[in-house]
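Data first, discussion second: the structure below is written as structure tokens.
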Amino acid sequence: MKKLLFILPVALIILTACPRKKDSLPDNIASMPKIIDTSYEYSKDIYLWYNQLPASINNSSYSDPNKLMEYIRGYSFEPEFNRDVDRWSFAMKQSEWNKVSQGIAGDFGLGVFFMSANDLRVKSVEKLSPAGVAGIKRGWKIIKINDRTSITTSEADINYIVNALFNSTTVRITFQKHDGTNSNEYSLNALEYKEQSIYLDTVYNENAGKVGYMVYNSFLGDSAYTVDGFRRVFDKFATQGIGHLIVDLRYNSGGYVWMQQLLGDYIVNNTGNGKISMIELFNNKYASRFNDTAFFNKKGTLNLNKVYFIVTKGTASASELLINGLKPFMNVQLIGSKTEGKAVGFFPIDVADWYIFPVSFRTVNNNSEGNYFDGLIPSGNALGVADGLDKDWGDKNENMLNKTLAAINNNGVFAYTPGSNTISRSVYFDGINTRLKNPSKFSGAIERRGSMKHFNR
């Protein structure tokens, strides 16, 4: 079975439309009240926690379907957690989603993050974006935006940064480079470009042997690029004879299920070949029709017993699905902070010119392990390794990579004390940094099975 994975500020799973009760749909859903009504009717049918939803709503209370999806999140009570767990159900205009799902962006191509109250860094750069083409690098410190040199975590500065970097079509930025020198002013214009999700792949020669390292940022976008990219990277790793593997998913918030399945097929060892990678579980209305099981189909020649994943709060949905699926068959070591906790998925349901994404299923692995709504958590001293935002991808002195390589050279043992890590102060700014997300970026797990164009009871 081919699958796609989750995506949006956190993580999702998408199918391509659920079964639909056509005779219950209004003939004309062009008006917003009818769009809201129809969206709610679908939600009462396919939502994983449909039986917790009120029988009816006041459609005038919601300005658009996304506001409605935010409302239904409050009816996702899970006894195990003693709280509502859905943080992801959402809606998006079809025109927007069509671009997002294909990995087409129209911005500057910069991600930013505070290391400290007065230290705003470039955390990521899309290769084909205006910033990437200009040569801007991850880890550069932003010292001036347009004519503003006040770049702190104050409310006024945060608002200015967000508007300048994510809500504008032009911007001028001056940076401090890795060597401490200041750059010339970069003038950027927002342009459309294709995202390239494999940020880096390389091999390090360590005391413990050869280590393959791959930075993978999204399970969305160009399918041909992804298929060719995975084949190229893992052929390279096999040819060079790596004995250890690090997969960096620190900012990967999800995407298509089939893409994570394909990556898992390359990573899994021979023990897991043909075994269950994931099971999708729908509500009791659709369990018999749509519950589905995916299996590993081993690709490539790597046959490792252990894999290291670098993770953060930004690791979600399809990324978590990949990790959870591999755990029964490999020694899976997480490094960083706990992940987002999106153990559920959805698929696009078309309503007029919108797609709605009510959470529609949960996932478990071969050991029936799932429901990780509190996130997947690194163990021991691997928990608390902070993002080295002052270094570029692949720099062996970058904090998370450095600590992972050190552990590999120490027989997999993380021997340092997280509290002594000078970069660990960045964790105190998690709340602020969540506001520095590009609102156009999607995160989640998306399932897309063509047979589910409409769902009918």
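So which of A164, A190, A156 ends up being closer than 15 Å to N118 by Cβ and either touching a strand residue (DSSP E or B) at 6+ places or on another chain (Cβ under 7 Å) or among the hydrophobic types (A, V, I, L, M, F, W, C) (or both)?
Details: A164 fails: closer than 15 Å to N118 by Cβ; A190 fails: closer than 15 Å to N118 by Cβ.
Going through A164, A190, A156 in turn, the sole match is A156.
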_What's the number of the only condition in (1) aliphatic (A, V, I, L, M); (2) buried (at least 18 other Cβ atoms within 10 Å of the Cβ); (3) within 19 Å of V122 (Cα to Cα); (4) not assigned by TED's automatic domain parsing to the domain that holds L110 that I173 fails to meet?_
(4)
*Tell me which of these L188 doesn't satisfy, since it passes every other one: (1) surrounded by 15 or more Cβ atoms within 10 Å (Cβ to Cβ); (2) assigned by TED's automatic domain parsing to the domain that holds N410.*
(2)
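Restricting the search to the range 141-153, which residues are in a loop (DSSP other than H, G, I, E, B) and either touching a residue at least 60 places away in the same chain (Cβ under 8 Å) or buried (at least 20 other Cβ atoms within 10 Å of the Cβ) (or both)?
Going through the range 141-153, the residues in a loop (DSSP other than H, G, I, E, B) turn out to be 146-147, 149-153.
If the condition is that a residue be in a loop (DSSP other than H, G, I, E, B) and either touching a residue at least 60 places away in the same chain (Cβ under 8 Å) or buried (at least 20 other Cβ atoms within 10 Å of the Cβ) (or both), then I151, T153 are the ones that fit.
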_In the range 198-220, the residues that are farther than 15 Å from V247 by Cβ and touching a helix residue (DSSP H, G or I) at 6+ places or on another chain (Cβ under 8 Å)_ = E206, A208, L220
*Which ones in the range 384-408 are in contact with a helix residue (DSSP H, G or I) (Cβ under 7 Å, 6 or more places away or on another chain) and more than 16 Å from V125 (Cβ to Cβ)?*
G384, V385, A386, K396, N399
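This table checks each residue for (1) at pLDDT below 95; (2) surrounded by 15 or more Cβ atoms within 10 Å (Cβ to Cβ); (3) touching a helix residue (DSSP H, G or I) at 6+ places or on another chain (Cβ under 7 Å); (4) among the charged types (D, E, K, R).
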{"site": "D45", "(1), (2), (3), (4)": "no, yes, no, yes"}
{"site": "I57", "(1), (2), (3), (4)": "no, yes, yes, no"}
{"site": "F113", "(1), (2), (3), (4)": "yes, yes, yes, no"}
{"site": "N118", "(1), (2), (3), (4)": "yes, no, no, no"}
*Within the range 321-336, track down each residue that is surrounded by 23 or more Cβ atoms within 10 Å (Cβ to Cβ) and assigned to a loop (DSSP other than H, G, I, E, B).*
F329
*Consider D248 carefully, then state whether it is surrounded by fewer than 24 Cβ atoms within 10 Å (Cβ to Cβ), among the charged types (D, E, K, R) and out of contact with any His (no Cβ under 7 Å at 6 or more places or on another chain).*
no
*Give me the pairs, please: first residue somewhere in the range 299-312 and over 12 Å from V247 (Cβ atoms), second residue anywhere and of a type in the set (K, R) and surrounded by 16 or more Cβ atoms within 10 Å (Cβ to Cβ), beta-carbon distance under 9 Å, and either six or more positions apart or on two chains.*
T312/R250; T312/K338
*Candidates K137, K93, filtered to the one that is under 26 Å from L249 (Cα atoms) and either touching a Pro at 6+ places or on another chain (Cβ under 9 Å) or in contact (Cβ under 8 Å) with a residue 12 or more places away in the chain (or both)*: K137
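Looking at the structure I just gave you, is V100 within 29 Å of N217 (Cα to Cα), modelled with pLDDT under 95 and of a type in the set (A, V, I, L, M, F, W, C)?
Numbers: within 29 Å of N217 (Cα to Cα): yes; modelled with pLDDT under 95: yes; of a type in the set (A, V, I, L, M, F, W, C): yes.
In short, yes.
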_Residue count, the range 160-207 (criterion: closer than 14 Å to G106 by Cα, in a helix (DSSP H, G or I) and out of contact with any Ser or Thr (no Cβ under 8 Å at 6 or more places or on another chain))_ = 1
*Taking interchain pairs and intrachain pairs at least six residues apart, which have beta carbon atoms under 9 angstrom, with the first residue in the range 168-195 and under 15 Å from R148 (Cα atoms) and the second part of a loop (DSSP other than H, G, I, E, B) and of a type in the set (V, I, T)?*
I173/I136; T174/T149; F175/I136; Y186/I136
*Would you list the strands (runs of 3 or more DSSP E) that sit entirely within the range 215-320 and hold 1 or more residues that are modelled with pLDDT of 95 or more, among the polar types (S, T, N, Q) and touching a Phe, Trp or Tyr at 6+ places or on another chain (Cβ under 6 Å)?*
276-282
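The values are calculated or read from the model by the stated rules, or taken from the named source; none is laboratory data. These numbers were taken from a predicted model, which means no experiment stands behind them. So basically every Cβ, Gly included, is an ideal-geometry build from the backbone, and we count neighbours across all protein chains shown.
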